[in-house]
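Working notes for the structure below.
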Amino acid sequence: MKFKLLSIFALILLLLTSNSYLLNAQQLSATKTLVQRQQDFIDLRFGMFIHYNIPTYINQDWADPEASPALFNPKKLDCRQWADAAKSANMTYGCLTTKHHSGFAIWDTKTTAYNVMNSPLKRDVVKEYADAFRAKGLKVMLYYSILDTHHKLRPNSINGSHIKMIKDQITELLSNYGEIDALIIDGWDAPWSRISYDDVPFEEIYTLIKTLQPNCLVMDLNAAKYPAEALYYTDIKSYEQNAGQHISTDKNKLPALSCLPLQATWFWKENSPHEVLKDVSKLVNDNIIPMNNASCNFILNVAPNKDGLIDANALTALKEIGKLWKNEGPLTKLPLFDAPIISSNLAKKQVSNSSWSDDMDIMDFANDDNFNSSWISNPTVRTPWYEITFDNTKPLNMIVIAEKVENIKNYKLEYSINGIWKSIFNGTNTNKIKVHRFDGVWADKVRITIEQSTKKAQITEFGIYNERK
């Protein structure tokens, strides 16, 4: 009898658990294509970035990684006030800093004790934010930092346990808070973070995110390094204006995001309630309107104070924006563009060779993972060529040629296996970033032969990849 009761109890528990998972699945929208999701994102037009984390209590944007959780002690935290403020500006979504560079998590995580549940607040801020914004009909996005100085997740220190923590934390964020429209990632492959997409494998993390929530966009704030004409390691091209990254409203053809703080800094400071904020009319006329017209979504950071509330001066500014600007609905349909590049570059640091080039422009500049340097052919060479030799035979299914200027017109791509050269492409491509995807092959060498170029052939990066299918 006791065994039967235990069995019945186990069955009921299983059914409840199954129903819970089924409910969570039903809460997610039907899966869309990536292009549809990119269009959806730019159609949102304007949203609220919310930098709120332990730096709020230290009066600096970068917190001491050993700062005590006891500092995180808001007395009046009310995410509903944030949502009301966003609505007053006619915003359509929010994005909250779940974990910034010093590693403090403001959700109920099982991955580390360095989190909000061990602070005086003892409340899940991510949950309260997500609930409050959804209640107002606003989309929910999350920010997550790869760089994590508290947990020693920094250059030259990364190990398997760090990768596991990242995956576990992202799994929590995308499993416990309903539909997340986008995950904005920071501190990864940036000049200041120096954590590469090989140190923390981008394709693995990207695939995990898409497995957990297929409609969740991945936005890596990496625009400082990569060309504006292609989506390298991101679904949305992102520009941080304070870091000198500015979108070309005349030339942009990619789904994009531009961010700027309303206050002087990203996180709240002691003088924030009294400082002069960004000019409201300029935010509307120099940011929202022209950027929207260039397929760019604008996200304005508004930093809550130590009490967990947005200051009166910021609330007033947001209301003024709402008076000046109205959301007129979907933007112009995006033009055609290539899918994001998400795999590791197999050509990086491999042996390279080429036809004649001067020593200042020699071949290894085209596979040094630096888009500011280039291999440049000597102008006397009529049919220049460039070649990568792998340290061992490798599978590949994509080649990307990035130029400084669109000079190369006609060319052929070939790969060698056991001394036999085979063709991949032979024709014309006038794009600045030339993306070639093809059925997978194995190769020990890859070569481009340039048959027509308007000026000297100049390649900033010759990328070779083996994407997951």
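Rounded to the nearest 20 Debye, what is the dipole magnitude of the stretch 243-325 about its Cα centre when Lys and Arg each give +1 and Asp and Glu each give -1 at the C-beta? Display every interim value, and only then the final one.
On the way: 8 positive and 8 negative charges, 50 e Å.
Around 240 debye, computed over the stretch 243-325.
Nearest-5 percent of antiparallel DSSP beta bridges in the chain?
Values: 43 of 77 bridges.
If I count the DSSP bridges inside the chain, around 55 percent turn out antiparallel.
Past 29 Å, Cα to Cα, is the threshold; run Lys225/Lys394; Lys225/Lys422; Lys152/Lys348; Lys32/Lys127; Lys253/Lys404 against it and keep the listed order.
Working: Lys225/Lys394 26 Å; Lys225/Lys422 33 Å; Lys152/Lys348 26 Å; Lys32/Lys127 25 Å; Lys253/Lys404 18 Å.
In this structure, Lys225/Lys422 exceed 29 Å between Cα atoms.
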>> Between the stretch 67-122 and the stretch 276-290, how far is it from one alpha carbon centroid to the other, in angstrom?
In response: 27 Å
>> Above 25 Å lies some portion of the pair distances; for the stretch 348-469, what is it as a whole percent of all C-alpha pairs?
In response: 15 percent
> So what J values fall out for the stretch 376-383 if you push phi through Karplus, 6.51 cos²θ - 1.76 cosθ + 1.60 with θ = phi - 60°, rounded to Hz, Gly and Pro as x?
Replying inline: 10, 5, 5, x, 7, 7, 7, 10
> Taking the mean number of other Cβ atoms within 10 Å as a proxy for protection, how do you rank 46-55, 150-159 from highest to lowest?
Replying inline: 46-55, 150-159
> For the chain, what log10 I(q)/I(0) values come out of the Debye formula at q = 0.06, 0.09, 0.14 1/Å, with one point per alpha carbon and no solvent?
Replying inline: -0.31, -0.67, -1.32
> What are the radius of gyration and Dmax of the stretch 278-321, computed over its Cα atoms and given in Å?
Replying inline: 12.2, 38
>> Cross-link candidates for Lys278: which lysines have Cα within less than 18 Å, leaving aside residues fewer than 8 places away along the same chain?
In response: Lys269, Lys319, Lys323
> What list of ³J(HN,Hα) couplings, whole Hz, do you get for the stretch 146-156 from phi and the Karplus terms 6.51, -1.76, 1.60, once you set θ to phi - 60° and write x for glycine and proline?
Replying inline: 6, 4, 8, 6, 5, 8, 6, 8, 8, x, 6
> What whole number of Å gives the distance from the Cα centroid of the stretch 336-365 to the Cα centroid of the stretch 230-268?
Replying inline: 26 Å
> Given H placed 1.01 Å from N in the peptide plane, which residues other than close sequence neighbours of Phe46 have an amide H under 5 Å from its amide H?
Replying inline: Thr92, Phe298
> How much length is gained if the chain between Glu66 and Asp279 is pulled fully straight, taking 0.36 nm per residue apart and subtracting their Cα-Cα distance, in nm to one decimal?
Replying inline: 73.1 nm
> ³J(HN,Hα) across the stretch 94-102 via Karplus (A = 6.51, B = -1.76, C = 1.60, θ = phi - 60°), whole Hz, x for Gly/Pro?
Replying inline: x, 9, 10, 6, 5, 8, 9, 5, 8
> Long-range amide H contacts for Leu217: which residues qualify at under 5 Å (H placed 1.01 Å from N, peptide plane, sequence gap of 5 or more or a different chain)?
Replying inline: Ala182, Leu183
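Highest first, please rank the peptides 437-444, 362-369, 180-187 by the mean number of other Cβ atoms sitting within 10 Å of their residues. Intermediate results must be reported in sequence, preceding the final value.
On the way: 437-444: 13.9, 362-369: 19.0, 180-187: 24.4.
Output ranking for 437-444, 362-369, 180-187: 180-187, 362-369, 437-444.
The stretch 164-305: percent of C-alpha pairs farther apart than 17 Å?
Numbers: 6525 of 10011 pairs.
Counting every Cα pair in the stretch 164-305, those more than 17 Å apart make up 65 percent.
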> Charges only on Cβ, +1 for Lys and Arg, -1 for Asp and Glu: so what's the dipole of the stretch 351-465 about the Cα centre, in debye to the nearest 20?
Replying inline: 520 debye
> For the stretch 211-276, rounded, prolate or oblate, judged on the Cα gyration tensor with a ≥ b ≥ c (square roots of eigenvalues), a/c < 1.5 rounded, else prolate if a/b > b/c?
Replying inline: oblate
>> If I stretch the segment between Asp131 and Ala224 completely, what's the gain in nm (0.36 nm per residue apart, minus their alpha carbon distance), one decimal?
In response: 30.1 nm
>> Using the Cα centre of the chain as the reference point, and only Cβ charges (+1 on K/R, -1 on D/E), how large is the resulting charge dipole? Debye, rounded to the nearest 20.
In response: 1120 debye
>> Under the 0.36 nm per residue contour assumption, what length would be gained going from the current alpha-carbon distance of Asn73 and Gln36 to full extension?
In response: 9.2 nm
>> Using a Förster radius of 25 Å, what is the FRET efficiency between Asp84 and Ser175 based on their Cβ-Cβ separation? Nearest 0.05, please.
In response: 0.35
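Read-outs: derived from the displayed coordinates by stated rules, not from any lab. Since we're looking at a predicted model, the values are computed, not measured. Virtual Cβ from ideal backbone geometry, glycine too; neighbours counted across all protein chains shown.
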